[in-house]
Amino acid sequence: MQNFKEKLAKISCFIFDVDGVLTNGQLIIMPDGELLRSMNIKDGYAMQLAIKKGYKIAIISGGKSEGVPQRLQRLGITEIYMQTKNKVDVYKQLLDKWQLKNEQVCYMGDDVPDVAVMQLAGIATCPADACQEVKQVAIYQSIQSGGNGCVRDIIEQAMRLQNTWSDL
């Protein structure tokens, strides 16, 4: 059985949920009904650096937002799936498109709709404040909560292990 670091050394793709992972899971409801979310700038830095270094990054979310895809596209992420009903189907399509194996993928989710995908990914991870069902499946729980650097945590660990973290 491989340990966490051995598995992390094989990662070339990161897939993230949005609400509760890239955000803290809270919504601000505007008078016109628009829902506002906030994202951590350090997570953004790590994602754009990973893309520059050749890692694949995708987003699979059940949520709906106009601003989220715009923010992620500015970071260089092109595979953004919002309002996803079946995350496993999208996950499998991405693996086929990128010709990846499960063991090359790190998935981070925080709630029940993420569990099925987490069971397929080579490394299942979650924020510190994920729900119990997710924590039971995750092989790594970040010390950071959703929207507070958990994405940076896992990307930086993988890239440091693979000697690709430096932007110099």
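The values are calculated or read from the model by the stated rules, or taken from the named source; none is laboratory data. Not measured: the values here are computed from a predicted model. Positions of Cβ are backbone-derived with ideal geometry, glycine not excepted, and every protein chain shown enters the neighbour counts.
Cβ-Cβ below 8 Å, separation at least six or inter-chain, first residue in the range 139-168 and free of Cβ contacts under 8 Å to residues at least 40 places away in the same chain, second among the charged types (D, E, K, R): which pairs?
Within 8 Å, the pairs are GLN141/LYS135; SER142/ASP153; ILE143/ASP153; GLN144/ARG152; GLN144/ASP153.
Being surrounded by 23 or more Cβ atoms within 10 Å (Cβ to Cβ) and in contact (Cβ under 8 Å) with a residue 60 or more places away in the chain is the filter here, so list the residues in the range 128-138 that pass it.
Listed by number, the list holds a single entry, ALA130.
I'm told GLY62 meets every condition in (1) within 23 Å of GLY149 (Cα to Cα); (2) touching a helix residue (DSSP H, G or I) at 6+ places or on another chain (Cβ under 7 Å); (3) at pLDDT 95 or above except one. Can you identify the failing condition by its number?
(3)
Restricting to the range 105-127, name every residue that is over 14 Å from the mean Cα position of the chain (by Cα) and either assigned to a helix (DSSP H, G or I) or surrounded by 14 or more Cβ atoms within 10 Å (Cβ to Cβ) (or both).
Result: VAL112, ALA116, LEU120.
Of everything in the range 53-70 that's touching a residue at least 40 places away in the same chain (Cβ under 8 Å) and part of a loop (DSSP other than H, G, I, E, B), which residue is farthest from TYR107 (Cα to Cα)?
Ranking the candidates gives SER65 first.
Here is a check on your reading of the model: is MET108 in contact with a Phe, Trp or Tyr (Cβ under 6 Å, 6 or more places away or on another chain), touching a residue at least 60 places away in the same chain (Cβ under 8 Å), hydrophobic (A, V, I, L, M, F, W, C) and over 27 Å from LEU36 (Cα atoms)?
No, not satisfied.
Only one residue in ASP32, ASP19, ASP43 is out of contact with any helix residue (DSSP H, G or I) (no Cβ under 8 Å at 6 or more places or on another chain) and in contact (Cβ under 8 Å) with a residue 12 or more places away in the chain, so which one is that?
Testing whether each residue is out of contact with any helix residue (DSSP H, G or I) (no Cβ under 8 Å at 6 or more places or on another chain) and in contact (Cβ under 8 Å) with a residue 12 or more places away in the chain leaves just ASP19.
Restricting the range 11-47 to residues that are surrounded by fewer than 18 Cβ atoms within 10 Å (Cβ to Cβ) and of a type in the set (D, E, K, R), which is farthest from GLN70 (Cα to Cα)?
ASP32
Kindly establish whether ALA50 is without any contact (Cβ under 8 Å) to a residue 60 or more places away in the chain, of a type in the set (Gly, Ala, Ser), crowded, with 21+ Cβ neighbours inside 10 Å and not in a loop (DSSP other than H, G, I, E, B).
It is false that ALA50 is without any contact (Cβ under 8 Å) to a residue 60 or more places away in the chain, of a type in the set (Gly, Ala, Ser), crowded, with 21+ Cβ neighbours inside 10 Å and not in a loop (DSSP other than H, G, I, E, B).
Please work out if GLN73 is at pLDDT 95 or above, polar (S, T, N, Q) and either part of a helix (DSSP H, G or I) or over 17 Å from LEU100 (Cα atoms) (or both).
So GLN73 fits the description; yes.
Do we have SER38 as more than 26 Å from GLN162 (Cα to Cα), more than 16 Å from the chain's Cα centre (by Cα), assigned to a loop (DSSP other than H, G, I, E, B) and at pLDDT below 95 here?
No: the conditions fail for SER38.
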